[in-house]
Amino acid sequence: MSLKIFPYFQPIVETATGRIAGYEALARMEDESGNVVSAGKVFSDDSIPVKERIEIDRDVRLQALEALSDLPEDTFLSINISPEWLQFLESLDDLPTLKMMKQVAGDPQRIVIEITELDGELEIIERLVERYREEGVRVAIDDFGSGFSQLDRIELLKPDIIKLDMMLLKKGAINSRGSSMVQMLGEMASKLGSKVLCEGVETEEEYYLALSCNAVFVQGFLFSEATAELQNPDSTCKKVKDLLSHFRDRAIDATSRNHWRADKIKNELLALREVLRASDNEDDLQHFIAADNLIRFYICDRLGNQISPNFENSERGWIKDEKHRGYNWSWRPYFFELLGSSDMRNRMVFSEPYQDIHSGQRAQTAVLFVDDQRILLADLVDEQGSSDLFSGFGAMPASWIPDIE
């Protein structure tokens, strides 16, 4: 073998404890200057015969598995396998990695197999996963979110761990739409019964985004680069403790602003409610001066049927839009949350934050009773904006409902 490839080990940190829970074995090599660099390009280099690349891949995998004897207690080893090589196997009943595990007398329960791509034949990949699980090995799917064609495969394979795509995490740390995408994928992975791992975490903002999408594990240069030796599991605890302290301080500050904003919105909407109660004519509403954060409002009956036009707030005053009259909104979560509360006439319910389709603004909907028969729905600009990841704490979730006196 002309190339010398060897494994380095990057810590995988558990968010709840701050300890290193595992180590991912990454292929490394020396460049012409003797610097240790990634060997990833070797495995996609068409100038190297396929059989030689397979041999290199298996050799570095065996070297990684030999580190199992030095693995600290209560940690695991994660190794990468590409389904690309499956076509060269004679049988799925005689997998090289399982043979290597027996060769080094490794505990299968301390090994995680990362499947690095899902472009191969699904039936073969499914059988591969079954064989690993039969031996007690856990399975992870890498780069989740890089292609939505993965979704059916994720549901079928039911991986123990899902690693969110690194580029999505980085984009999400700098803009609200990207963060919403990462949070959605994290929530989806959790609902599928998989633990979420965010890799490529290099900044505090990326770490905070990982926390917001329920990441059980994080991995990246913020904690450590890959090293030749397995690091002490407690070496990351202080770093995580400091990060969590900073996270809590910023989250509490944002939540305090949220309470102030809730009181402000409550007073504005109560004033609108009084106008609605006193008026028998929709035209009377033309004289109501709304706050700038009110995008639109409309009225529904108790069954969720819209019985008024949309009143759109504009520089020219209120503009009536009749096209949604008769629509039914009772299926929206905030609507039946209001009707399901024990004191629904003294409640104001907020939707989850969303991107308003018509205005393009980040918004939330507030819902409250006007009287026994009518319900007011108001679409409001999220004044906290989306300048950082903590803007989400300034947007009132449906689980937090201020009282209406």
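Residues in the range 298-357 that are assigned to a strand (DSSP E or B), acidic (D, E) and either exposed (fewer than 15 other Cβ atoms within 10 Å of the Cβ) or within 26 Å of the chain's Cα centre (by Cα) (or both): D301, D321.
Filter the range 358-374 for residues that are surrounded by 14 or more Cβ atoms within 10 Å (Cβ to Cβ), in contact with a Leu (Cβ under 9 Å, 6 or more places away or on another chain) and not small (G, A, S) and give the result.
Filtering the range 358-374 for residues surrounded by 14 or more Cβ atoms within 10 Å (Cβ to Cβ) gives 359, 361-370, 374.
This time we only want the ones that are in contact with a Leu (Cβ under 9 Å, 6 or more places away or on another chain), so: 363-370, 374.
Hits for the range 358-374 are Q364, T365, V367, L368, F369, V370, R374.
Can you spot a residue in the range 31-46 that is among the charged types (D, E, K, R), in contact with a Leu (Cβ under 8 Å, 6 or more places away or on another chain) and surrounded by fewer than 19 Cβ atoms within 10 Å (Cβ to Cβ)? So far as the range 31-46 goes, no, none of its residues is among the charged types (D, E, K, R), in contact with a Leu (Cβ under 8 Å, 6 or more places away or on another chain) and surrounded by fewer than 19 Cβ atoms within 10 Å (Cβ to Cβ). Applying the condition of being under 30 Å from P233 (Cβ atoms) and open to solvent by 80 Å² or more (accessible area, probe 1.4 Å) to the range 1-30 and asking which residue is modelled with the lowest pLDDT yields K4.
Starting from the range 176-202, take each residue that is farther than 16 Å from E352 by Cβ and list its partners that are basic (K, R) and open to solvent by 20 Å² or more (accessible area, probe 1.4 Å), counting only C-beta distances under 9 angstrom and pairs at least six apart or across chains. Listed by first residue and then by second, the contacts come to G178/K170; G178/K171; A189/K195; L192/K158; G193/K158; S194/K158; G200/K170; E202/K170.
Across the range 276-289, which residue is least open to solvent (accessible area, probe 1.4 Å) among those that are within 15 Å of R374 (Cα to Cα) and more than 42 Å from the chain's Cα centre (by Cα)?
So the first thing to find is which residues in the range 276-289 are within 15 Å of R374 (Cα to Cα), and the list is 276-282.
Next, only the ones that are more than 42 Å from the chain's Cα centre (by Cα) stay: 277-282.
On the way: R277: 113, A278: 86, S279: 20, D280: 159, N281: 75, E282: 58 Å².
The qualifying residue least open to solvent (accessible area, probe 1.4 Å) is S279.
Filtering the range 119-134 to residues that are surrounded by 15 or more Cβ atoms within 10 Å (Cβ to Cβ) and touching a residue at least 12 places away in the same chain (Cβ under 8 Å) leaves G120, I125, L128, V129, R131, Y132. Test each condition in (1) part of a helix (DSSP H, G or I); (2) at pLDDT 90 or above; (3) of a type in the set (A, V, I, L, M) for I125 and report the one that comes out false. Result: I125 fails condition (2) only. Applying the condition of being touching a Phe, Trp or Tyr at 6+ places or on another chain (Cβ under 7 Å) and of a type in the set (S, T, N, Q) to the range 313-358 and asking which residue is farthest from L269 (Cα to Cα) yields S330.
The values are calculated or read from the model by the stated rules, or taken from the named source; none is laboratory data. Only a predicted model underlies this, so the values are computations on that prediction, with no experimental measurement involved. All Cβ positions, even for glycine, are placed from backbone atoms using ideal geometry, and neighbour counts span all protein chains on display. The area values use the complete protein model at the heavy-atom level, side chains included, leaving out ligands, DNA and RNA. Shrake-Rupley method; radii C 1.70, N 1.55, O 1.52, S 1.80 Å.
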